[in-house]
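Trainee: Quick one: the structure is below, and I'll ask about it shortly.
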Amino acid sequence: MTKPLFRSHLFTLTASVALSLAASTADAALITYDLRVATSGQTAGVVRVNDKSATVSASTDVVVMDLYALLSATDANTGNDGVKIAYGSFHSSAGGLKGNLSATLANNFSGLASSVGTIGDLDSDGDLDIGNLGTANGNTGFFAASSTASSAGLPTHTGGATALLGQVWFSVADLAGGSTHVRFAPRKVNSGGSALQRDLYHQFTVDGTNLSRGDGLAADISDIATGAPVQITSTAVVVPEPTSLLLLPAAALAHLLRRRRRS
Ligand SMILES: [Ca+2]
Ligand SMILES: [Ca+2]
């Protein structure tokens, strides 16, 4: 009787230690992928509100966003931090403001096997996304690979504690949709290949320690984080077609006409 009891206590103790460790590290990701509205390169109708918000007003507008990898480095030396490999997909919301996404790689992340990702309408809402829905293996995603080769020909970690991996462009496809969120989804998949192989999708160095993540297991999920999405909102006044005006209730029509008279 005593042995199973002891085992059960040991299990409880181990589980509670594991749980408290998980809780203490949950908000301390080792790598955070953060998409931000770029400070330059926007088309004329784009207003950059802040890192996470921009407005568009013309059907030809393109919002340029930077993808950063932020590492949880704590020592004063940024020379011992950097990214070797990063992999994921870019999505806009299903519906809302529509725009087509395309990506570019930063010069020092366009190394061997790198890719800007396969463009396709992942959520069938009529605009183009990049990569996959994150639940499958394959090589369709955005793949940033350090282009700094060591003497052995292998890429080394580069970019420091805040590494610019590349950019994603949102080209307006239909101004009428209101707003959308654009996000980067890092690959975290617990299927296909070995856990070791899956871990090769996120390789980085923090304060001199080389790390690999990506197999989708609990520890990896808490080690890989994503920042808030970028919200893009249309400020264009879209005039309804005459046929749709007929469908508006009388009160709404009167309100719309008042607004148009004022503007
Ligand atoms: Ca969309
Ligand atoms: Ca889409």
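Trainee: With the requirement that a residue be closer than 23 Å to Tyr68 by Cβ and either within 16 Å of ligand 1 (Cβ to nearest atom) or in contact with a Ser or Thr (Cβ under 7 Å, 6 or more places away or on another chain) (or both), what does region 108-121 give you?
Mentor: Asn108, Phe109, Ser110, Gly111, Val116, Gly117, Thr118, Ile119
Trainee: Just checking, which of Pro186, Pro155 is buried (at least 19 other Cβ atoms within 10 Å of the Cβ) and under 19 Å from the mean Cα position of the chain (by Cα)?
Mentor: Of Pro186, Pro155, the one residue that is buried (at least 19 other Cβ atoms within 10 Å of the Cβ) and under 19 Å from the mean Cα position of the chain (by Cα) is Pro186.
Trainee: Further, regarding this structure: Can you tell me which of (1) touching a Gly at 6+ places or on another chain (Cβ under 6 Å); (2) within 16 Å of ligand 2 (Cβ to nearest atom) is the one Ala106 doesn't meet?
Mentor: Ala106 satisfies every listed condition except (2).
Trainee: Can I ask one more? Residues that are more than 18 Å from Ala86 (Cβ to Cβ): find the strands (runs of 3 or more DSSP E) completely inside region 177-217 holding 3 or more of those.
Mentor: By residue number, 179-186.
Trainee: Can you go through Leu133, Leu128, Leu101, Leu105 and tell me which one is touching a residue at least 12 places away in the same chain (Cβ under 8 Å), more than 22 Å from Ala58 (Cβ to Cβ) and either surrounded by fewer than 16 Cβ atoms within 10 Å (Cβ to Cβ) or within 16 Å of ligand 1 (Cβ to nearest atom) (or both)?
Mentor: Exactly one residue qualifies, and that residue is Leu133.
Trainee: Go through region 47-79 and report how many residues are of a type in the set (Val, Ile, Thr), away from ligand 2 (no atom under 16 Å from the Cβ) and in a strand (DSSP E or B).
Mentor: Number of matching residues: 6.
Trainee: Also, I was wondering about something else. What residue, of Ala144, Ala152, Ala173, is without any contact (Cβ under 8 Å) to a residue 60 or more places away in the chain and either hydrophobic (A, V, I, L, M, F, W, C) or assigned to a strand (DSSP E or B) (or both)?
Mentor: Ala152
Trainee: Which one of these is touching a Ser or Thr at 6+ places or on another chain (Cβ under 7 Å), away from ligand 2 (no atom under 16 Å from the Cβ) and either hydroxyl-bearing (Ser, Thr, Tyr) or under 22 Å from Ala29 (Cβ atoms) (or both): Gly131, Gly82, Gly141?
Mentor: Step by step, each of Gly131, Gly82, Gly141 is checked, and only Gly82 is touching a Ser or Thr at 6+ places or on another chain (Cβ under 7 Å), away from ligand 2 (no atom under 16 Å from the Cβ) and either hydroxyl-bearing (Ser, Thr, Tyr) or under 22 Å from Ala29 (Cβ atoms) (or both).
Trainee: Which one of Ala69, Ala44 is over 24 Å from Asn108 (Cα atoms), more than 16 Å from ligand 1 (Cβ to nearest atom) and of a type in the set (Gly, Ala, Ser)?
Mentor: None of the other options fit; the residue is Ala44.
Each reported figure results from applying straightforward, stated rules to the coordinates on display, with no laboratory input. Predicted, not measured: the structure shown is a model, and the values here were computed from it. Reconstructed Cβ throughout: ideal geometry from the backbone, glycine too, with neighbour counts over all protein chains shown.
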